[in-house]
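Working notes for the structure below.
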Amino acid sequence: MKLLFCAPSTHPAPIHLAAGLAARGHALTFVTAFAVPSDGAVPAALPGPARAELERRRLPSPLTRERVVNAATVADIARVATNRAGLTRQTQALTDRMVAAVQARVTRLIRAERPDAVYGTASMSQEVAGLCDELGIPFFTYLPQPTVPFLQQEFPEELMRMHHGEVPRATEIRTAALVLASSVMIEESVRLVRPDVRVVRRAPGFEQPARLKVEPECLATTGDTRLVYAGRMTSQKRIEDAIEATRLLREEHGIKAVLTLYTSDESIARDVVASAKAEDFVRIPGSVPRSELAARFAESHALVLPSLFEGFGLVVPEALGAGLPVITTPRTAGGDLGVDGIAGRVVPVRSPEAIAEAVKELVENPAQQRAFREAAPGLVSSGSWADYEAAAAEAVERELTDHITR
């Protein structure tokens, strides 16, 4: 098949899907705004941290210069690299300009080359999906967040309180021939809007962390109980539930619990903690590279992820891979991976009390915590990006071939 991918961002799922399809022999063009082909050179004029950031975003080996089209200008790519390295602040105008560049290039390629199928993301949906529909070209997409009708059904009050940037965009599935879903919840949300659309469900991959030695005090019943959260500070995460659970552990259960928030949203985190008057037992060291999270996990008793929903929640398999028990809620990767009772607990949403009880159970039963730690890596032993690449490409190839030939 002749395939066209339009992916302005560097989300790893479409990148690895494209790599897997290219490895299976399909003629594939990958149009992006910010990535380095596997055999491409990083501009030497960039500052060292920006060069390192671009190098980190080098595409997998099948996505060579022959297949990759960078639609953005070199100057804009340099600005994004500098931003991602923490040296400048990226503006919305720059983001919009790069997305528009990808969309314009993809539109020209669709009209000129008439590919057998086109992949696009939410930011590409209105024009690219519409053009594919007009020309009778199958359009497929990866959906990392649930559809709005699903959220209106499941979490109507919270959805009303989300600001515009937090509301998932999923308009591209209206005309999609195939949707790649990251979780059971995502598939359910797609079926609510498009009951008959083809869906391929594959959990995203993650970088398998090194499993570090567990410090003895992590299994002790005395000293601090170290809880950890890693991620953004958006309203869907319900960090306030983790904070309140930590307070309950200290005030009602006599457990000296401390919660550490690893987040890039430091100012928001400090406001939330100050509002909760929780400065005495919540730590905010800022964000850490994902490669360093395993070391932080090894120093902790449990990961707490009290989200209303997650498209998947990569921090869950990352924690499990490092041998850390997870306390999370049903609409996260915890449900998909079978965490409850094996490597942690899945508790109801909006329930600090249930989180506190789950932590108390771990602290008072070191044998159970040890069993959870031993079992955790086994739940994600086949969860690498290489596994995802092979499985997702095979499934998408099969579905697209069937759709095109029927």
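Quick note: the coordinates plus some simple rules give every number you see, no bench work behind them. Quick caveat, the model's predicted, so the values are computed rather than measured. No Cβ is skipped: glycine too gets one built from the backbone with ideal geometry, and neighbour counts run over all protein chains shown.
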Exercise. In a GNM of the chain with a 10 Å cut-off on Cα contacts, which of GLY254, GLY311, GLY120 has the highest mean-square fluctuation?
Worked result: GLY254
Exercise. For ILE404 and ALA295, FRET efficiency with R0 = 51 Å and r from the beta-carbon atoms, rounded to 0.05?
Worked result: 0.60
For this session: Loop only per DSSP, at most 16 neighbouring Cβ atoms within 10 Å: give me the trypsin sites (Lys or Arg not before Pro) in region 314-356, ordered by residue number.
Result: ARG350
Exercise. Semi-axes, largest first, in whole Å: what does sqrt of 5 times each Cα gyration tensor eigenvalue give for region 287-406?
Worked result: 31, 17, 13
For this session: May I ask for the angle, rounded to the nearest 10°, between helix 92-113 and the longest principal axis of the chain, with both axes built from Cα atoms and the value confined to 0 to 90°?
Result: 40 degrees
For this session: For the chain, build the charge dipole from Cβ charges (+1 Lys, Arg; -1 Asp, Glu) around the Cα centre, then report which of LEU249, VAL347, VAL69 sits farthest towards its positive end.
Result: VAL69
Exercise. Going by a ≥ b ≥ c, the root eigenvalues of the Cα gyration tensor, does region 216-380 fall in the rounded group (a/c under 1.5), the prolate group (a/b larger than b/c) or the oblate group?
Worked result: rounded
For this session: Find the lysine pairs in the chain meeting two conditions, Cα atoms under 25 Å apart and a separation of 8 or more places or different chains, and report how many there are.
Result: 8
Exercise. Of the residues VAL179, VAL288, VAL396, which exhibits the maximal mean-square fluctuation in a Gaussian network model of the chain defined by a 10 Å Cα contact cut-off?
Worked result: VAL288
Exercise. Hey, what number do you get for the chain at 222 nm if only DSSP H runs of n ≥ 4 count, each worth -39500 (n - 2.57), divided across all residues, to the nearest 500?
Worked result: -12500 deg cm²/dmol
Exercise. Scattering from the C-alpha atoms of the chain alone, worked out with Debye: what is log10 I(q)/I(0) at q = 0.09, 0.10 1/Å?
Worked result: -0.58, -0.71
